[in-house]
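The values are calculated or read from the model by the stated rules, or taken from the named source; none is laboratory data. This structure is a prediction, so every number in the text was calculated from the model and none was measured. Reconstructed Cβ throughout: ideal geometry from the backbone, glycine too, with neighbour counts over all protein chains shown.
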Amino acid sequence: MKKYNHAFYYFVSAALSTALLSSCTTEQQTPSTQQPAGLTVQSQDIQLYKRYPLEGWQVFINNDKQQQQRFSAPTTQLDDGTVKLTASNKDSQQDAMTYHFQGSRFYNLYLEGGKPLDLTPYMPKGTIEFDIHVEDFAKTALDLTISCGQDCYSRVGLRQWALNAEGKGWQHLSIPMQCFSRQSANFNQVQHPFNLKAFGKGQVSVANVSFKLNGEANFDCIAPDKLAVTPATLDEFWSVDWWMPRHYEKLAQAKLGQAELLLIGDSITHNWEKAGKEIWQQYFDDIDTLNIGFSGDRTENVLWRLQHDEVEGISPKLAIMMIGTNNTGHRMDNPASIAAGVDLILKELTEHLPDTKVLMLAIFPRGANNDDKMRQNNQQTNKLLKQLAEAHNVMFADINQHFLTDDGILSEEIMPDLLHPNATGYSIWAEQIKPYIDKYVR
């Protein structure tokens, strides 16, 4: 349930509307010539938050359970205590916000409610800038997202930057708007111009959020449409303890040179060692298998691993690969970007495993039904993956209908979280790949 402090809201609106709107322009204006809140022109910088939000905009917090509260100084917190936002001090009393979070999968600190902003003039040379104090970040991830049209959110990961800034006091962060530019993005009606999305447990403080037309950036990034094709380790707060050790473990296994079957993928493949372990033993226990599925991996992570010797010294008879659902789930990468990442993976496999038969699987269904946006993104990607398989002369199989009812419903009895198979789901999968394994391995 939303809680509103009406006195605070009307005080802010009445006392600050003229001052805040004037601060958005590069030259002083009389009230009669000020631009309406949310309307931007190329001669303006936008002061989105400076002690108070720009007129019409409000600050909110929420979590993955869809609990939401509007910020009302001095402190606002969700009913379950997972997120708390407190007015704090940077240069003057209560000119900053301190963001505490713990106990949920993710959290958002964001502004909404004002007239949509046209940020297109800021894309070529502009920056989004704010002051940030990283106070507790050991088990945390932090992303900055900006909405870019219907079902479009462009994000920049701040985890590495924040780890370096932890404990160093207030820092000024200036991010090029080009970091948010992606194919099909539309920034002319931005309804969520600032969303600080956090994961894990931590605390950061924020102040002075603005957009500048010709800002001086102090942050480097990879363009969103290039992330899927840029080799990288998986740098998530929940993966840093095990991801690289698993990589070294798989290198050691590969050096044995005994693998007849290679499995490549993300958590769905990784979990043959967990939820699917008994099913694998039932069907394929006689086959020497190297499983290089890594939970959370996206195309760029598989690409990094292949370029760092995970298939060196082996020559399996068959490789089965499925990758891409985390590109959708983590970033909503467009299908062309995901396919471009898979294209590079197939090139690596051709180079390192020239004698291995490759079976590429369509990305499994996710979400309850065909209306699910992420499932739709994967379905469009699968069309491109089939074309890629033909181009690379590898096998392609779409077994998705075996997980679904006739009308496209994905049951929680097969994938309890509508993403990861349970033992029943792995049994279905095993039945579908058994003919390939019988033909090419046994």
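Filtering segment 169-185 to residues that are closer than 23 Å to K226 by Cα, of a type outside the set (F, W, Y) and in contact with a strand residue (DSSP E or B) (Cβ under 9 Å, 6 or more places away or on another chain) leaves L173, S174, I175, P176, M177, C179, S181, R182, A185. Scanning segment 305-322 for residues that are under 29 Å from M332 (Cβ atoms) and either buried (at least 21 other Cβ atoms within 10 Å of the Cβ) or out of contact with any Asp or Glu (no Cβ under 9 Å at 6 or more places or on another chain) (or both) turns up R305, L306, H308, E310, A319, I320, M321, M322.
A count restricted to segment 257-293 and to residues that are more than 19 Å from I428 (Cα to Cα) and under 26 Å from the mean Cα position of the chain (by Cα) stands at 1.
Could you pull out every one of the strands (runs of 3 or more DSSP E) wholly within segment 164-270 that has 2 or more residues that are of a type in the set (F, W, Y), buried (at least 16 other Cβ atoms within 10 Å of the Cβ) and in contact (Cβ under 8 Å) with a residue 12 or more places away in the chain?
Ranges flagged: 195-212.
Of the residues making up segment 271-285, just one is basic (K, R) and part of a helix (DSSP H, G or I), namely K277. Just a yes or no: is a residue in segment 119-127 crowded, with 19+ Cβ neighbours inside 10 Å, charged (D, E, K, R) and assigned by TED's automatic domain parsing to the domain that holds Q66? No, because not a single residue in segment 119-127 is crowded, with 19+ Cβ neighbours inside 10 Å, charged (D, E, K, R) and assigned by TED's automatic domain parsing to the domain that holds Q66. Checking the stated criteria, M415 turns out not to satisfy the condition of being assigned by TED's automatic domain parsing to the domain that holds D285, closer than 21 Å to F294 by Cβ, at pLDDT below 95 and not hydroxyl-bearing (S, T, Y). Residue count for segment 421-437, restricted to those that are farther than 14 Å from F364 by Cβ and assigned to a loop (DSSP other than H, G, I, E, B): 0. Any residue that is in contact (Cβ under 8 Å) with a residue 40 or more places away in the chain, touching a Lys or Arg at 6+ places or on another chain (Cβ under 8 Å) and within 23 Å of A336 (Cβ to Cβ) - is there at least one of those in segment 412-424? The answer is yes, given that some residue of segment 412-424 is in contact (Cβ under 8 Å) with a residue 40 or more places away in the chain, touching a Lys or Arg at 6+ places or on another chain (Cβ under 8 Å) and within 23 Å of A336 (Cβ to Cβ).
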